[in-house]
């Protein structure tokens, strides 16, 4: 008989502080880049326009994981969550199932962690306020993580009441204007990705953007032309808030969580298909974290991180939660 820990949504959030989740995700990126954690590409089972299912396996640190998760953007109108599913964590030496975790809670925690991790690695050292565009479950997690790291946060959502609620819960501010969010030094988009929220010409020199919502085929949060801008133009110079001369080497620099996934789903996939960007234009975040690749090279660079969500991130969160199972008294299921 196998005894399996059951970790519900509230237990996941109780097990890890946002800053603990960020460090776990950082370690996962580094382990994957160095080849000690492995992960095949996620598998999509689509039922569009309703939504899709994803199967996401990963192996590392003596554990194996399978995340079975769905994304159905129309569910809130039905009173149902957009994301639902389960994370299965097994012992990689014996094959025994160790834990079942709520997929939506794990997803939110690691999404918030990845968004902030990318911002801290790629934004200007003197970057000010961060904006969260999209005040759903994952947007709330990103806001919590930024606040926990001491960053001032502005929350925007097309439903102003939702933005105000998340701001009150997390200690952030709220705005009814998308323009206010897009003017911040750091912008994190966590939307359903049905249509771009960042248009051509919206970004200004020195900004960082973490694109977290367009994690599947057909989704987009930024216009292809804005994603693919190579060298900052004269119009960009006119918008330079510092009023100074831009570094002539300033560029829009592109980063992703993992090229294989990003090139087949999300924002980078659209630009790639249109012939606007190629593999050599994009750096994986893990390589920046290990010091094998450069991140921001100029104060005036626009840095853009495209996230499609990695199973290694879920594995990191699941292992960290399991480590606190006895301490927090997670219930056990006998199979």
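State yes or no: is residue 192 under 24 Å from residue 219 (Cα atoms), at pLDDT below 95 and either assigned to a helix (DSSP H, G or I) or touching a strand residue (DSSP E or B) at 6+ places or on another chain (Cβ under 6 Å) (or both)? In short, no. Here is the figure for segment 104-121: residues that are surrounded by fewer than 24 Cβ atoms within 10 Å (Cβ to Cβ) and in contact with a strand residue (DSSP E or B) (Cβ under 7 Å, 6 or more places away or on another chain) total 1. Scanning segment 211-228 for residues that are in a loop (DSSP other than H, G, I, E, B) and either closer than 12 Å to residue 189 by Cα or not assigned by TED's automatic domain parsing to the domain that holds residue 267 (or both) yields 212, 213, 214, 215, 220, 221. When residue 308 is tested against the conditions (1) outside any helix (DSSP H, G or I); (2) surrounded by 20 or more Cβ atoms within 10 Å (Cβ to Cβ); (3) modelled with pLDDT of 95 or more, the lone failure is (3). Note on segment 10-30: residues that are under 13 Å from residue 319 (Cβ atoms) and surrounded by fewer than 19 Cβ atoms within 10 Å (Cβ to Cβ) amount to 3.
Per this entry, residue 77 is not counted among residues that are surrounded by 15 or more Cβ atoms within 10 Å (Cβ to Cβ), at negative phi and not assigned by TED's automatic domain parsing to the domain that holds residue 265. Within segment 114-144, being over 20 Å from residue 168 (Cα atoms) and part of a helix (DSSP H, G or I) holds for 114, 115, 117, 118, 119, 120, 121, 122. What about residue 165, is it over 20 Å from residue 10 (Cα atoms), more than 16 Å from the chain's Cα centre (by Cα) and surrounded by fewer than 24 Cβ atoms within 10 Å (Cβ to Cβ)? Judged against the criteria, residue 165 is not a match.
The values are calculated or read from the model by the stated rules, or taken from the named source; none is laboratory data. None of the values given here were measured: they were computed from a predicted structure. Cβ: placed from backbone, ideal geometry, glycine included. Neighbour counts: every protein chain shown.
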